[in-house]
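The values are calculated or read from the model by the stated rules, or taken from the named source; none is laboratory data. For clarity, every value in this text was computed on a predicted model and none was experimentally measured. A quick note on method: Cβ atoms are made from the backbone with ideal geometry, for glycine too, and the neighbour counts reach across all protein chains shown.
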Amino acid sequence: MSDAVHSHNAHGHGHHDDHAHGHHDDHAHGHHEEGSHGSFGSYMIGFGLSVILTAIPFWLVMSGVLHDPQLTGVVIMGFAAVQVVVHMIYFLHMNTRVEGGWSFMAMMLTIVLVVIVLSGSLWVMYHLNNNMMPHADMSAMKQMSEMP
C-alpha cells in the first residue's frame with residue numbers, strides 16, 4: 001500500500017481505505033496460518049512412517065509369522081489405528097492447538113464412532129458366521145453330495 005493510504009487510514013477517514021486495511025490484516029492472518037502447515041521434512045517423516053506401518057502388516061500376513069489368523073488380525077488393526085493417527089498428525093496437521101481444540105474434539109468423536117461401527121460390525125459378522133450354518137452340518141452336506 002502507498003504511504004498516502006496508510007496516513008489516510010491512520011486518521012480513520014474513508015470507508016474504502018478501512019476495507020483495504022482490513023484486507024491487509026486478513027493477508028497477515030493468512031500468512032500466520034501458512035506457518036502451521038508441515039514442512040517437507042515432516043511430510044517425509046509421515047510418508048516414511050506410513051510405508052513402515054503398511055509394510056510390517058503386509059510382511060506379517062505374507063510370512064505367516066504369528067501362525068494365528070485372529071492374532072494377526074488384531075495386530076493389523078493395531079497397526080491400522082497407529083497409521084490413522086500418523087496421517088492425522090503429519091498430513092492433516094491435527095493437534096489440540098488448532099481451532100481452539102475443536103478439530104481435536106471432532107477427531108475424538110470420529111474415532112469413537114469408528115470404533116463403535118467397526119466393533120459392532122465385527123461382532124455381528126462373527127455371530128452370523130457361528131449361528132447361521134453350523135460347520136458340522138456343512139461337512140455332512142458335503143459328504144452327502146459326494147455320494148452317488
Residue under evaluation GLU33, criteria (1) at pLDDT 90 or above; (2) within 26 Å of the chain's Cα centre (by Cα), criterion not met: (1)
Qualifying position, being surrounded by 14 or more Cβ atoms within 10 Å (Cβ to Cβ), more than 23 Å from VAL114 (Cα to Cα), aliphatic (A, V, I, L, M) and touching a helix residue (DSSP H, G or I) at 6+ places or on another chain (Cβ under 7 Å), among VAL61, VAL75: VAL61
Residue within region 84-102 that is polar (S, T, N, Q), modelled with pLDDT of 80 or more and surrounded by 10 or more Cβ atoms within 10 Å (Cβ to Cβ) present: no
